[in-house]
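One structure is given here, and the rest of the page talks about it.
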Amino acid sequence: MNNKVYSVSMEIAGNTALWTRPDSGDSPSSYEAPTYSAVRALFEGILWGPAVLIIPRKVELCKQPQYHTYVTNYGGPLRSSKSVKSGNNYQLFATVLVDVCYRLYADVVANPNKEMLPDKASIWERRTTSPGHAYQEMFNRRLKCGQSYATLFLGWSEFTVSYVGPFREKTQVCTDLPDIPIPSMLREVFPDGYRSSYRAVYDNDLCIHRGTLVYPERGACL
């Protein structure tokens, strides 16, 4: 089995994004950049396969962060039982980002937890000498053709993307952006992989430096 690391990247943009800070409570506020798990989900939205692990490495900001107040009518399960029974919604306020553009980078490796793979993924993995390389090739083809496994969105499902694809020549990283410290950032809530239980993990003392946020390395497979 080939355990080599393969790299994938893409550019993504949208009118609105919300990378929710858990400490912002019932009026969610966004981080300036997507979380580790959000970047992984975006790559998996292009091509998902449990036989490989997507390891986000960094994100580059190509637009200066701009905040905006967003209001929507919430009708989900977190309403009070009285509101659910009566069919009443309530106004949910959020602090979102507008006019965003990012360059995302990740590595791809074969999933070492083979006993957790679904049957179809196990069959595919046994027939492939290098799952990481196969994923990289399929991902790049799908990205260029505008194909995706799922609808891509920027945090909330209503915040769909305006562009996703290879890097565009006109896009420039905001290297002159002042440093943006992030004391604590949610990393992921299912860190133990496919079919694992909920366990929130945070990264501390991060900083967006010269327009780039680098995700800390964790775990033996990184």
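The values are calculated or read from the model by the stated rules, or taken from the named source; none is laboratory data. Since this is a predicted model, take the numbers as computed values, not measurements. With ideal geometry, Cβ positions are generated from the backbone for all residues, glycine too; neighbour counts draw on all protein chains shown.
Would it be correct to say that TYR70 is surrounded by fewer than 22 Cβ atoms within 10 Å (Cβ to Cβ), of a type in the set (Phe, Trp, Tyr), touching a residue at least 40 places away in the same chain (Cβ under 8 Å) and under 14 Å from TRP156 (Cα atoms)? Show your work before the answer.
Numbers: surrounded by fewer than 22 Cβ atoms within 10 Å (Cβ to Cβ): yes; of a type in the set (Phe, Trp, Tyr): yes; touching a residue at least 40 places away in the same chain (Cβ under 8 Å): yes; under 14 Å from TRP156 (Cα atoms): yes.
When the stated conditions are applied, TYR70 passes them.
For every residue, the table says whether it meets (1) at pLDDT below 85; (2) more than 29 Å from ASN15 (Cα to Cα); (3) acidic (Asp, Glu); (4) over 24 Å from the mean Cα position of the chain (by Cα).
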| residue | (1), (2), (3), (4) |
| --- | --- |
| HIS68 | no, no, no, no |
| GLY76 | yes, no, no, no |
| LEU92 | no, no, no, no |
| LEU97 | no, no, no, no |
| CYS101 | no, no, no, no |
| MET116 | yes, yes, no, no |
| TRP124 | yes, yes, no, yes |
| HIS133 | no, yes, no, no |
| ARG142 | no, no, no, no |
Test: residue in the range 51-67 that is hydroxyl-bearing (Ser, Thr, Tyr) and in a strand (DSSP E or B): yes
Filter pass, PRO183 being part of a loop (DSSP other than H, G, I, E, B) and modelled with pLDDT of 95 or more: no
Cross-chain or 6+ apart pairs with Cβ under 6 Å, the range 95-108 first and closer than 15 Å to ARG168 by Cα, then part of a strand (DSSP E or B) and among the small types (Gly, Ala, Ser): VAL100/GLY14; VAL100/ALA17; CYS101/ALA13; TYR105/SER9
Whichever residue in the range 11-62 is within 23 Å of GLU217 (Cβ to Cβ) and touching a Gly at 6+ places or on another chain (Cβ under 8 Å) and, among such residues, is surrounded by the most Cβ atoms within 10 Å (Cβ to Cβ): PRO34
Members of the range 90-106 found to be surrounded by 13 or more Cβ atoms within 10 Å (Cβ to Cβ), of a type in the set (S, T, N, Q) and more than 22 Å from VAL39 (Cβ to Cβ), listed by number: none
Test result for PRO65, touching a Ser or Thr at 6+ places or on another chain (Cβ under 8 Å), surrounded by 13 or more Cβ atoms within 10 Å (Cβ to Cβ) and within 13 Å of LEU97 (Cβ to Cβ): no
Single residue of the range 158-168 satisfying the filter (at pLDDT 95 or above and assigned to a loop (DSSP other than H, G, I, E, B)) that is surrounded by the fewest Cβ atoms within 10 Å (Cβ to Cβ): PRO166
All positions within the range 194-206 that are under 14 Å from ARG40 (Cβ atoms) and either surrounded by 14 or more Cβ atoms within 10 Å (Cβ to Cβ) or charged (D, E, K, R) (or both): TYR194, VAL201, ASP203
